[in-house]
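One structure is given here, and the rest of the page talks about it.
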Amino acid sequence: MNITSSTKLNEVYGSPSFSKVKDLLVSGTDFFAQNGELTFAELQGLHPTWYSEDLVFGLSRLQELASSRNKVAYPVYSSADATQSARIANVNLLFFPAERKTCDTYVILLAGGAYEAVCTMIEALPVAAKLNELGVTCFCLNYRTFSDESFVNGLLPEPLDDLAAGWRFIEQNQEIFGVSANDYIVGGFSAGGHVAS
């Protein structure tokens, strides 16, 4: 699939290239159902800081990885933990390995979305793709967002727990990912920046 600024969101969501990761692009909301007929250029018209070329750049890198690797999305929690909570089952890392590493440090990125969603496609993918281009391996974390229960009991520390679990998952699989678990940077945007801090 050739992704351009005139590609519709539904075309990406329905593409076989993204079948295993489509629900991680913007998780926690019905974003694609509400905006599916929009092109990336039209989406930028509604949200001027969501640059269509950045979205295309990030999605193109993800598509390249998805077509060249068996797996790009990794559930952070065990299947036993996931059977206890559907929300835990949605906590995943998207793996963006640098083709030619220029440093040993890797980055964990957390997109924002006001704790209502995790807008990985909009905020984290373009940055991960650019860091890959610069020789840095990245992971994009989809963490838990609000639920009816969180309005009563509060959401935190669930996203913090997800970040810690994501790091532990990387530590347990550092040989597979080609990283040293203790050599990392955490960065985020909006709510994801709050979790990162």
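Things worth noting here:
- Restricting the search to helices (runs of 4 or more DSSP H) fully inside the stretch 6-106 and requiring at least 3 residues that are under 25 Å from Thr137 (Cβ atoms) and touching a residue at least 60 places away in the same chain (Cβ under 8 Å) gives 22-25, 52-68.
- Among the candidates Ile108, Ile185, Ile122, residue that is open to solvent by 30 Å² or more (accessible area, probe 1.4 Å), modelled with pLDDT of 95 or more and under 29 Å from Ser68 (Cα atoms): Ile185
- Identity of the residue in the stretch 160-182, outside any helix (DSSP H, G or I) and among the aliphatic types (A, V, I, L, M), that ends up surrounded by the most Cβ atoms within 10 Å (Cβ to Cβ): Val179
- So Ala114, is it of a type in the set (Gly, Ala, Ser) and part of a helix (DSSP H, G or I): no
- Identity of the residue in the stretch 1-26, within 18 Å of His47 (Cα to Cα) and small (Gly, Ala, Ser), that ends up most open to solvent (accessible area, probe 1.4 Å): Ser6
- Total residues in the stretch 29-70, condition open to solvent by 50 Å² or more (accessible area, probe 1.4 Å) and under 24 Å from Ala89 (Cα atoms): 7
- Selection count, the stretch 162-197, where residues are among the hydroxyl-bearing types (Ser, Thr, Tyr) and either touching a Cys at 6+ places or on another chain (Cβ under 9 Å) or more than 30 Å from Trp50 (Cβ to Cβ) (or both): 2
- For the stretch 127-151, a residue qualifies if it is in a loop (DSSP other than H, G, I, E, B), closer than 16 Å to Leu93 by Cβ and among the aliphatic types (A, V, I, L, M), and exactly one does: Val136.
The values are calculated or read from the model by the stated rules, or taken from the named source; none is laboratory data. Quantities reported herein were computed from a predicted structural model and do not represent experimental measurements. Glycine also receives a Cβ, built like all others from the backbone with ideal geometry; neighbour counts cover every protein chain displayed. Only protein heavy atoms, including side chains, enter the accessible area calculation; ligands, DNA and RNA are left aside. Shrake-Rupley method; radii C 1.70, N 1.55, O 1.52, S 1.80 Å.
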